[in-house]
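The values are calculated or read from the model by the stated rules, or taken from the named source; none is laboratory data. Predicted model, so just to flag it, every value in this text is computed and none were measured. Cβ placement follows ideal geometry from the backbone for every residue including glycine, while neighbour counts extend to all protein chains displayed.
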Amino acid sequence: MSMMGDADEEAAMFGKEAAKSKPRINRPSLNFLEHTKAAAKQASSSIIQAPRRHVLSSKEPRQLRSNQRPHFQSVSRPFSTTRRTLAEDKKESSGSEGYFNRAFYNRLDRDDQASYTSLTPDERQKMENVDSALRDHFAKDSRTHREMEDNIAAELEALDFEFPAAPVEREPKNNGFFQMGEKEDIGPDEDDFQGDDISSLGHGELEQTREIREYARLAGWEMPLLATATPLRFRYTTYMGEQHPASRKVVVEFDPSDLSLTPAHTQNLIKLAGVRYNPVSKLVKMSCEDHETQAQNKRYLGDTIKGLIAKAKSPESEWLKDIPVDFRHAKPKKRFQFPEEWLLTEERKKELEARREARELAQKTKMESPAGLIDGIKEIEEARNIDLSRVEAPLMAEAKQPMAKGKQGKKEMRQGRA
């Protein structure tokens, strides 16, 4: 029991000594880092030298069993020679730098305040003097201010203001007995149309006309110049302001002989083009509509043509000489020519013209002569008269007895038919 008591007393003393040697982070000093390292080293050496039985029987085993360095947070700050300035000391420091007029500074806007702060004390005083001089010059009781007001009034009188007429108030609608006292659902009518503008439909028609004229100017003035300058002819499709999937399609046509190639390279290009070359018109026609915009499709066609030209010029295309040109895909259409024998000669035209004039003259003479007039009453009477020779004489029909019913009647009917 005495040994246990001594151990407890020694452990308690050791705990107090370790607690005393533990650094405090809320009291920073100039030699804080060295002091912390020394305290941690002393605590670890005292723990290692303590008897094992004292360590196990200690009332504060966490402090005795831990031989790691204590966790601390550095409170040091970077070295600087600049004097520390607080927020509340700003007004005092600004006044100590030199001449500074706080009332004049508060009257300025943000940009003028920034320029005023960047000036020297002498320049600040000059700025204040100029401002006060301008204020005195343009004061309300000065001559300059009165002249300015007179000029403004004269200019306003010269202007001719036309104010619109007041809107006509619509009389309240009488909804009847059952809607009496209820608010109207329909709001007040808008201003009447003054006839000084066209409708939105008219503006759309004008916009379409402008677009058509723009394309007409391009076709009449710029496209001929482009055709002579560049061998590639691109064709676009537009639907006059409407969105259409076919508007992104781009078609290019070119003549291989216009690309400044040698005859051998031209033949290679024709063979590489394949079915896109038309031997009748001697043009290569290609199109693209895979991309979303016309510019992308045009760029794709341009890159394809560059690739074909490079392939036709490359030494690797020597094997194309042994391949014959195949134009089976080009089937020429039969065009029937009008026979020259059927063409009207000058004598034939004169003959037909004479016949036409004679026919018209005979018809006109017949209409004007009395014999040529038609008597309507006479024609009606002739139509009513019937040729009696064509009418058969009526035969007297014998009086017939009514046929009997049954088999006898059927027998008589057969005899009558026979």
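A few comments on the model shown:
- Out of ARG213, ARG233, one residue alone is more than 18 Å from GLU292 (Cβ to Cβ) and at pLDDT 95 or above. It is ARG213.
- Any hit, the stretch 275-282, residues being farther than 23 Å from LEU226 by Cβ, in contact with a Phe, Trp or Tyr (Cβ under 7 Å, 6 or more places away or on another chain) and modelled with pLDDT under 95: yes
- Within the stretch 249-260, not a single residue is in contact with an Asp or Glu (Cβ under 9 Å, 6 or more places away or on another chain) and surrounded by fewer than 11 Cβ atoms within 10 Å (Cβ to Cβ).
- Filter result for ARG276 (free of Cβ contacts under 8 Å to residues at least 12 places away in the same chain and surrounded by 12 or more Cβ atoms within 10 Å (Cβ to Cβ)): yes
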